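The values are calculated or read from the model by the stated rules, or taken from the named source; none is laboratory data. It should be emphasised that the depicted structure is a prediction, and the values quoted were computed from it without experimental measurement. Here the Cβ is made from the backbone with ideal geometry for all residues, glycine too, and neighbour counts use every protein chain on show. The area values use the complete protein model at the heavy-atom level, side chains included, leaving out ligands, DNA and RNA. Shrake-Rupley method; radii C 1.70, N 1.55, O 1.52, S 1.80 Å.
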Amino acid sequence: MKIGIIGAGNIGATLARKLAAGGHKIKLANARGPDSIRELAREVGAAAVTREDAVKDVDAIILAIPFEKHRGLADLFSQVAESVVVIDTANYYPFRDNAIAGVDNGKPESVWASEQTGRPLIKAWNAALAATLADKGLPTATPGRIALPVAGDDAWTKAVVLKLVSETGFDALDAGSLSESWRQQPGTPAYCTELETEALKAALLSADAVRAPKNRDALLKVFMTPGASFTHEEIVARNRAMTA
């Protein structure tokens with residue numbers, strides 16, 4: 001597939017590397033322009049392009065940008081064919097993204113993002129830490145393979161994304177419609193807890209829409225405590241404990 005990735009941070013670069021290694025043709029873009037990421041793009045096997053070029057002549061687009069940056073993307077997507085799959089990897093954190101009333105009042109993050117882009121989105125790869133995506137993928141059918149949720153409304157489009165998620169080293173679990181994607185947002189038992197498929201199914205079902213933002217903020221308070229330091233394993237364990 002030909003895939004454009006907008007966002008060249010840890011998530012975007014990791015997905016570019018993995019998908020390029022799987023034989024996909026990757027274009028990588030960021031807000032500062034291709035000159036700022038040429039070396040990175042070369043390293044991960046992608047072509048450094050502008051955001052405008054990243055959405056041209058592709059089969060899929062991955063948005064790996066801070067959540068609030070979905071604002072203003074409608075113009076960029078206005079000329080993108082409806083057949084192009086658009087994948088949202090972002091998560092809402094009020095301290096970083098400024099308060100967004102609709103999301104604060106319960107609108108699922110990717111529903112809001114879909115409204116900003118003017119496109120139906122598939123939510124995927126959002127429920128894993130960057131280090132998980134980079135280092136913990138395993139071949140299909142390997143015991144202990146971590147599962148990741150994928151939510152969206154169109155069955156064909158979601159099937160494409162489920163396959164891509166599997167290619168990056170994780171069991172891909174259909175997590176339902178975009179309106180149900182709040183179950184894989186920050187503060188839920190499915191978010192950054194590195195679960196296998198059956199445990200992830202149970203985690204999605206046990207999610208509590210009222211508790212989730214409270215859990216998110218409580219976890220942030222712990223992780224951002226001045227002087228605090230946590231290993232990757234400690235972060236996953238704390239996520240599991242505080243969202244159970």
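General observations
- Filter result (among the hydroxyl-bearing types (Ser, Thr, Tyr) and within 20 Å of residue 106 (Cα to Cα)) within region 191-209: 191, 206
- Inter-residue pairs, beta-carbon under 7 Å, first among the acidic types (Asp, Glu) and in region 216-242, second open to solvent by 60 Å² or more (accessible area, probe 1.4 Å) and assigned to a helix (DSSP H, G or I), 6+ apart: none
- Residue selected from region 84-104 under the condition within 16 Å of the chain's Cα centre (by Cα) and open to solvent by less than 10 Å² (accessible area, probe 1.4 Å), by the criterion farthest from residue 62 (Cα to Cα): 97
- Every listed requirement among (1) open to solvent by less than 20 Å² (accessible area, probe 1.4 Å); (2) of a type outside the set (S, T, N, Q); (3) touching a residue at least 60 places away in the same chain (Cβ under 8 Å); (4) more than 30 Å from residue 224 (Cα to Cα) is met by residue 152 save one, (3).
- Only one entry of 41, 13 meets the criterion of being open to solvent by less than 40 Å² (accessible area, probe 1.4 Å), outside any loop (DSSP other than H, G, I, E, B) and under 28 Å from residue 184 (Cβ atoms), and that entry is 13.
- Residue within region 70-83 that is open to solvent by 10 Å² or more (accessible area, probe 1.4 Å) and at positive phi present: yes
- Restricting attention to region 145-158 and to residues that are part of a loop (DSSP other than H, G, I, E, B) and in contact with an Asp or Glu (Cβ under 7 Å, 6 or more places away or on another chain), the residue that is nearest to residue 183 (Cα to Cα) turns out to be 146.
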